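The structure follows.
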Amino acid sequence: MIYTNLRTGEVSGPNVSTATKTVRDLSPYWSNQRALRVCDPDAIVYTTQTWEAGGDTALFWGNTTLMPGRVGNEHYMTRGHRHVRHDRGEMVIVVSGKGLLLLMDLDRKCWTEPLAPGSTHFIDGSLAHRTINTGDEPLVFLCCWPADCGHDYSEIEEHGFSTSIA
Ligand SMILES: [Fe+2]
């Protein structure tokens, strides 16, 4: 077992890994490349913690801390992805902060759900998903997803979402 701090969202224990994405790491995703050039490329956009609970065929549990900030008019956001296996969904519950969950179906129709403390979201496995911090404090959320869902980042990197939130 591990420990999840329900006040802060921090996950701690064995087999918990941490990863960070900076403004530079997300370079292909920002819509305003001119604004990108005047941003601090090393600014942290988000940090994730992942607990690989049970190995390759089980569930992963973790969190994301998405910082407040903008590149031009675009709020800090996660890269966004679609699961390779469309029969593998995901659960998200917000600990703190405020933002949007951007969803896009297979026909590239987009909509959002508001993210606020306690809001709980089921993401159908066929939906591309991205989180966006629209507030002025870190947006922290916990999530659970099947270890074998697979992550396809290429569609969003190449084509983006069909709308952007500014
Ligand atoms: Fe996902």
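The values are calculated or read from the model by the stated rules, or taken from the named source; none is laboratory data. Small disclaimer: the values here were computed from a predicted structure and weren't measured. Methodologically, a virtual Cβ is constructed for each residue, glycine included, from the backbone with ideal geometry; neighbour enumeration extends over all protein chains shown. Surface accessibility is based on the protein's heavy atoms, side chains included, excluding ligands, DNA and RNA. Shrake-Rupley method; radii C 1.70, N 1.55, O 1.52, S 1.80 Å.
Given DSSP loops and a limit of at most 12 other Cβ atoms within 10 Å, what is the longest stretch of the chain that contains no such trypsin sites (Lys or Arg not before Pro)? Present the calculation step by step, with values, prior to reporting the outcome.
Working: sites that count: 7, 37, 109.
For trypsin sites (Lys or Arg not before Pro) (loop position, at most 12 other Cβ atoms within 10 Å), the longest site-free span of the chain is 38-108.
Could you estimate the translational diffusion coefficient of segment 68-166 from the Stokes-Einstein equation, with Rh from the Kirkwood formula over C-alpha pairs, at 25 °C and 0.890 mPa s, in whole µm²/s? Please list the in-between numbers first.
Values: Rh = 13.6 Å.
Rounded, D is 180 µm²/s.
Further, regarding this structure: Placing +1 at every Lys and Arg Cβ and -1 at every Asp and Glu Cβ, with all other atoms neutral, what dipole size does segment 18-166 have around its Cα centre, in debye to the nearest 20? Walk me through the numbers before you get to the answer.
On the way: 13 positive and 19 negative charges, 82 e Å.
Roughly 400 debye, rounded to the nearest 20.
Placing +1 on the Cβ of each Lys and Arg and -1 on the Cβ of each Asp and Glu in segment 1-64, which of 31, 15, 57 has its Cα farthest towards the positive end of the resulting dipole?
31
Heavy atoms only, 1.4 Å probe, whole protein assembly: order 64, 47 by accessible area, highest first.
Values: 64 10, 47 40 Å².
So, going from the largest accessible area down, we get 47, 64.
Also, quick follow-up: Using helices alone, I'd like the mean residue ellipticity at 222 nm for the chain: each DSSP H run of four-plus residues gives -39500 (n - 2.57), total over residue count, nearest 500. All intermediate terms of the calculation are to be shown ahead of the outcome.
Details: 2 runs with 10 residues, N = 166.
Result for the chain: -1000 deg cm²/dmol, rounded to the nearest 500.
What translational diffusion coefficient, in µm²/s and rounded to a whole number, does the Stokes-Einstein relation yield for the chain at 4 °C and a viscosity of 1.567 mPa s, taking the hydrodynamic radius as the Kirkwood radius over Cα pairs?
On the way: Rh = 16.1 Å.
Rounded, D is 80 µm²/s.
Would you please state the base-10 log of I(q)/I(0) at q = 0.14 1/Å for segment 1-73, with intensities from the Debye formula using one equal scatterer on every alpha carbon?
With no solvent term, the Cα-only Debye profile gives -0.56.
Now, a different point. Top to bottom by accessible area (1.4 Å), largest first, where do 30, 145, 61 land? Mind dumping the intermediate values first?
Values: 30 5, 145 30, 61 65 Å².
Solvent-accessible surface, decreasing: 61, 145, 30.
Tell me, what is the per residue accessible area of segment 5-53 in Å², probe radius 1.4 Å?
Values: 2980 Å² over 49 residues.
Per residue, segment 5-53 has 61 Å² of solvent-accessible surface.
When the accessible area of the chain is computed with all protein chains present and a 1.4 Å probe, what percentage of it is carbon and sulfur?
Within the chain, the accessible surface is 52 percent carbon and sulfur.
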